[in-house]
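**Q** Take a look at this one; I'll ask things after.
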Amino acid sequence: MNIHSLRGFRDLLPPESTLFACIEASAREVFALYGYQEIRIPTIESKELFVKSTGDTTDIVEKEMYAFTDQGGREVAVRPEGTPGVVRAYIEQNLSQSGRNGKYFYIGNMFRAERPQAGRYREFTQIGAEYIGNASPFADAETITLLVRLLEKAGLPGLSVEINSLGCGECRKSYREILLNHLKANIATLCEPCKNRIDRNPLRALDCKIDGPALAEKAPKLTLCAPCAEHFDRTRTLLKSSGVEFTVNLNMVRGLDYYTRTVFEVKSSALGSQDAVAGGGRYDDLVKSMGGPQAPAIGWAMGVDRVAMLLKDKAPATAPAVFVIAASKEAQDAAFKILGELRAQNISADFSNLELSLKSQLRSADRSGAVIAVLLGEEEVRNSVCAIKFLKEKREQQIVPAAGLITELKQILGNAPTP
Ligand code: ATP
Ligand code: MG
């Protein structure tokens, strides 16, 4: 076969796939603690949804979207991020009237046609949270705290949280002019794509992957209007009282069009150049601008692939508790039956090939990481007993009556260190 996976797309194998599942499971636990419920949104949406919400001057929409015309002649796109879909659902399903608390999380794969490198893939998994309908700084503090607690629960060390405020439409109006003038005065230092988009969205230049950080350093800073300054102030105070450590980074501009007020990013120095683990911000105008009710909101998305990279040495070992072996032809059916009984009793059990030699099955048992092997030969079947062999330190063998096997195993496994 000469067919390969596409560039930037990959197979997730154990133990990495197990790690992904663990991260997702621990996220679900934390979401439940904070009153979030799951939303599952479509993978493909109309292209217009992303163009209008993510923004037509963003990298995502300008060059990273997998967009195509479908069989019905519709312009569609494979989702590059989750927020637009959640917002569309919120409006379409009339969720503002649902009586629910407006807190939704999603777990899903996203697609962006960017240059693949370590920690940057064309298909990747995000865990995201959206809190729609709460304008107060309590929502900001809670959402950021939730993200930090979730990353802590996943076991991530050495994270830094950066926050900033991008103000509202009002504060941005005058800033836009000031920034545009500054950028035009320094136009020679801009990359080609930025030169072409500053008139449409000057802020984008500060977030440019090529020269954004250097530009942001020198650019004039946004002055927040009084209500925005107060909101930012309250958010910081509340975060501190929640015990969340953070720094204010006035140079941070998040790469999507819809952000207002609070934006934040979580980084890990252990990741190298793709150091962002998660990012998010408030989007007070998006729901309304997409045709919905006035519904201020805040959300974030976390890159599971990058979290998994940071945790790769902590991938949980997965092994069955028990490995079942047939030592002779006559015992094969009985061994197979025992496998079913063990599993019915919630004891994880595995086998290799009951038709192979005892030696080969024992080798597989050792390789499996199981704590105990249950061996069944012709004689054991005749006498209604089983042999139990300890596969870890002591490696001794004992004979137990078949009728008492489950009880015996439960007792041993209850004391055994979980594999
Ligand atoms: P970056 O600056 O690394 O391009 P971003 O600002 O594009 O990140 P967001 O759109 O905020 O990222 O997505 C949130 C998180 O999703 C990121 O912090 C990152 O962990 C993850 N992520 C984004 N793009 C990719 C990708 N191509 N491959 C793997 N993870 C990604
Ligand atoms: Mg990006």
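The values are calculated or read from the model by the stated rules, or taken from the named source; none is laboratory data. Treat the numbers as computed from the prediction; the structure is a model and nothing was measured. When we count neighbours, we look across all protein chains shown, and the Cβ atoms used for this are built from the backbone with ideal geometry, even at glycine. Quick note on the areas: whole protein, heavy atoms, side chains included, nothing else; ligands and nucleic acids left out. Shrake-Rupley method; radii C 1.70, N 1.55, O 1.52, S 1.80 Å.
**Q** Filter region 314-332 for residues that are out of contact with any Gly (no Cβ under 7 Å at 6 or more places or on another chain) and not hydroxyl-bearing (Ser, Thr, Tyr) and give the result.
**A** Matches in region 314-332: 315, 316, 320, 321, 322, 323, 324, 325, 326, 329, 330, 332.
**Q** From the list 20, 9, which one is open to solvent by less than 70 Å² (accessible area, probe 1.4 Å) and not assigned by TED's automatic domain parsing to the domain that holds residue 145?
**A** From the options 20, 9, the qualifying one is 9.
**Q** Would you check if there is a residue in region 109-125 being more than 16 Å from ligand 2 (Cβ to nearest atom) and either open to solvent by less than 40 Å² (accessible area, probe 1.4 Å) or assigned by TED's automatic domain parsing to the domain that holds residue 285 (or both)?
**A** no
**Q** Moving on to the next point. Out of everything in region 30-61 that is open to solvent by 20 Å² or more (accessible area, probe 1.4 Å) and part of a helix (DSSP H, G or I), what residue ends up being modelled with the lowest pLDDT?
**A** 59
**Q** Can you tell me which residue among 151, 146 is over 25 Å from residue 209 (Cβ atoms) and either open to solvent by less than 20 Å² (accessible area, probe 1.4 Å) or not assigned by TED's automatic domain parsing to the domain that holds residue 266 (or both)?
**A** Checking each option against the conditions leaves just 146.
**Q** Taking region 188-232 only, how many residues are open to solvent by less than 80 Å² (accessible area, probe 1.4 Å) and among the acidic types (Asp, Glu)?
**A** Residues flagged as open to solvent by less than 80 Å² (accessible area, probe 1.4 Å) and among the acidic types (Asp, Glu) within region 188-232 amount to 2.
**Q** On the basis of being within 16 Å of ligand 2 (Cβ to nearest atom) and in the same structural domain as residue 93 (by TED's automatic domain parsing), does residue 303 make the cut?
**A** Yes.
**Q** Which one is nearest to ligand 1 (Cβ to nearest atom), of the residues in region 287-300 that are open to solvent by less than 20 Å² (accessible area, probe 1.4 Å) and not in a loop (DSSP other than H, G, I, E, B)?
**A** By that ranking, first place goes to 300.
**Q** Taking residue 70 and the conditions (1) surrounded by fewer than 17 Cβ atoms within 10 Å (Cβ to Cβ); (2) among the acidic types (Asp, Glu); (3) within 30 Å of residue 151 (Cα to Cα), which numbered condition does it fall short on, given that it satisfies the others?
**A** It fails just one condition, (3).
**Q** Does residue 102 satisfy the condition of being more than 16 Å from ligand 2 (Cβ to nearest atom) and in contact with a strand residue (DSSP E or B) (Cβ under 9 Å, 6 or more places away or on another chain)?
**A** yes
**Q** Pick from 266, 244: which is crowded, with 17+ Cβ neighbours inside 10 Å and part of a strand (DSSP E or B)?
**A** When all the criteria are applied, what remains is 266.
A quick yes/no check of all residues on (1) part of a loop (DSSP other than H, G, I, E, B); (2) open to solvent by less than 60 Å² (accessible area, probe 1.4 Å); (3) at pLDDT 95 or above; (4) over 19 Å from residue 401 (Cβ atoms):
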site: 316; (1), (2), (3), (4): yes, yes, no, yes
site: 325; (1), (2), (3), (4): no, yes, yes, no
site: 335; (1), (2), (3), (4): no, yes, yes, no
site: 352; (1), (2), (3), (4): yes, yes, yes, yes
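**Q** Quick one: would you say residue 270 is at pLDDT below 95, away from ligand 2 (no atom under 14 Å from the Cβ) and among the hydrophobic types (A, V, I, L, M, F, W, C)?
**A** yes
**Q** Next up: Are any residues in region 273-286 within 25 Å of residue 223 (Cα to Cα) and either away from ligand 2 (no atom under 16 Å from the Cβ) or surrounded by fewer than 21 Cβ atoms within 10 Å (Cβ to Cβ) (or both), and if so, which ones?
**A** 282, 283, 284, 285, 286 - these are the residues of region 273-286 that are within 25 Å of residue 223 (Cα to Cα) and either away from ligand 2 (no atom under 16 Å from the Cβ) or surrounded by fewer than 21 Cβ atoms within 10 Å (Cβ to Cβ) (or both).
**Q** Hey, can you tell me all the residues within region 379-419 that are open to solvent by 30 Å² or more (accessible area, probe 1.4 Å), touching a residue at least 12 places away in the same chain (Cβ under 8 Å) and part of a helix (DSSP H, G or I)?
**A** 380, 381, 402, 403, 406, 408, 410, 413
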